[in-house]
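Asks: Structure provided below as structure tokens; questions to follow.
The values are calculated or read from the model by the stated rules, or taken from the named source; none is laboratory data. Keep in mind that this is a model prediction, so the values were computed, not measured. Cβ placement follows ideal geometry from the backbone for every residue including glycine, while neighbour counts extend to all protein chains displayed.
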């Protein structure tokens, strides 16, 4: 069932019954369709969002309307996927964490790549090869988005990670080696080649208080910094291939991500 709603220049199509054979459930998806999309669908990039149920609280439409009215960005068609079982469907596809969380991450990736995108191609004629195609997510959804982009950079050329859960690990924290066993860091180090991918990371100084290695830097930021080092070793160039947006008063919640959203949209879809 599609519910159509006009919101300023964007039309919002809510799909309640997108059946996923992989996930064995119905998935709710919002399609935020920009003006004149049907006239030239191939000219519009896509932005796939994990945790699409949070699109209102992160004010995605407000940011799109504002930046679009100022002609600062190339308007994307946004595909917001409502989360199901987050702790199982989000994560790293190749490996569950040490508590077996993320056990369905590979299945979720299959849904995105083999079910959702073909549905969008059929119903919206999206351009699967657009050079600005992006995927993004918040917290655990950000980890999922990064993992999907890393392994499918032929589709997603850009990824946005808001307060990403890069602490996701294969073993519990060891006092003597507190930074070992982080799964996504290991995936990057073990990758045979550098994907053609641009990365945007956001974190707030108030995201959390945990500091497992007692170096005075909260874990969410430490994890991004260490991930950045791994990216550099793979050939990524700071500021060109990846960037980091730090918010001194940022916390781990949708209001913070709403304030960060315009920065991400300008980075991903900004007009030169």
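Asks: For residue 121, indicate whether it is assigned to a helix (DSSP H, G or I), under 22 Å from residue 26 (Cβ atoms) and in contact (Cβ under 8 Å) with a residue 40 or more places away in the chain.
Replies: Against the criterion (assigned to a helix (DSSP H, G or I), under 22 Å from residue 26 (Cβ atoms) and in contact (Cβ under 8 Å) with a residue 40 or more places away in the chain), residue 121 does not qualify.
Asks: If you go through the stretch 162-188 one residue at a time, how many are part of a helix (DSSP H, G or I) and closer than 16 Å to residue 242 by Cβ? Steps first, please.
Replies: Step one: filter the stretch 162-188 for residues part of a helix (DSSP H, G or I), giving 183-188.
Pick out the ones that are also closer than 16 Å to residue 242 by Cβ and you get 184-185, 187-188.
The total comes to 4.
Asks: For the stretch 124-151, give me each residue that is in a helix (DSSP H, G or I), farther than 15 Å from residue 82 by Cα and either touching a helix residue (DSSP H, G or I) at 6+ places or on another chain (Cβ under 9 Å) or at pLDDT below 95 (or both).
Replies: If the condition is that a residue be in a helix (DSSP H, G or I), farther than 15 Å from residue 82 by Cα and either touching a helix residue (DSSP H, G or I) at 6+ places or on another chain (Cβ under 9 Å) or at pLDDT below 95 (or both), then 124, 143, 146, 147, 148, 150, 151 are the ones that fit.
Asks: Among the residues in the stretch 222-243, are any on the phi > 0 side of the Ramachandran plot, within 18 Å of the chain's Cα centre (by Cα) and buried (at least 17 other Cβ atoms within 10 Å of the Cβ)?
Replies: Looking through the stretch 222-243, none of the residues is on the phi > 0 side of the Ramachandran plot, within 18 Å of the chain's Cα centre (by Cα) and buried (at least 17 other Cβ atoms within 10 Å of the Cβ).
Asks: If you take the residues in the stretch 166-180 that are crowded, with 18+ Cβ neighbours inside 10 Å and touching a residue at least 60 places away in the same chain (Cβ under 8 Å), which one is farthest from the chain's Cα centre (by Cα)?
Replies: The residue in question is 169.
Asks: Any idea which of (1) touching a residue at least 24 places away in the same chain (Cβ under 8 Å); (2) in a loop (DSSP other than H, G, I, E, B); (3) surrounded by fewer than 17 Cβ atoms within 10 Å (Cβ to Cβ) is the one residue 216 doesn't satisfy?
Replies: (1) is the only condition that residue 216 fails.
Asks: What about residue 135, is it surrounded by fewer than 24 Cβ atoms within 10 Å (Cβ to Cβ), under 19 Å from the mean Cα position of the chain (by Cα) and within 23 Å of residue 116 (Cα to Cα)?
Replies: The answer is no for residue 135.
Asks: Here's a follow-up. Return the residue satisfying two criteria in turn: it lies in the stretch 248-272 and is surrounded by fewer than 16 Cβ atoms within 10 Å (Cβ to Cβ) and out of contact with any strand residue (DSSP E or B) (no Cβ under 9 Å at 6 or more places or on another chain), and of such residues it is modelled with the lowest pLDDT. Even if it seems obvious, please write down each step before you answer.
Replies: Filtering the stretch 248-272 for residues surrounded by fewer than 16 Cβ atoms within 10 Å (Cβ to Cβ) gives 248-249, 251, 255, 266, 270-272.
Remaining after also requiring out of contact with any strand residue (DSSP E or B) (no Cβ under 9 Å at 6 or more places or on another chain): 255, 272.
Working: 255: 98, 272: 77.
Only one residue fits best here, namely 272.
Asks: Oh, and also: When you go through 192, 230 one by one, which is the residue that is more than 25 Å from residue 47 (Cα to Cα) and assigned to a helix (DSSP H, G or I)?
Replies: 230
Asks: Does residue 162 qualify as being modelled with pLDDT of 95 or more, under 20 Å from residue 76 (Cα atoms) and within 9 Å of the chain's Cα centre (by Cα)?
Replies: Working: modelled with pLDDT of 95 or more: yes; under 20 Å from residue 76 (Cα atoms): yes; within 9 Å of the chain's Cα centre (by Cα): yes.
So residue 162 fits the description; yes.
Asks: In the stretch 152-161, which residues are assigned to a loop (DSSP other than H, G, I, E, B) and in contact with a strand residue (DSSP E or B) (Cβ under 7 Å, 6 or more places away or on another chain)?
Replies: Those that are assigned to a loop (DSSP other than H, G, I, E, B) and in contact with a strand residue (DSSP E or B) (Cβ under 7 Å, 6 or more places away or on another chain): 156, 157.
Asks: Please go through the stretch 186-206 and pick out each residue that is touching a strand residue (DSSP E or B) at 6+ places or on another chain (Cβ under 9 Å) and either closer than 24 Å to residue 234 by Cα or crowded, with 21+ Cβ neighbours inside 10 Å (or both).
Replies: 186, 187, 197, 198, 199, 200, 201, 202, 203, 204, listed by residue number.
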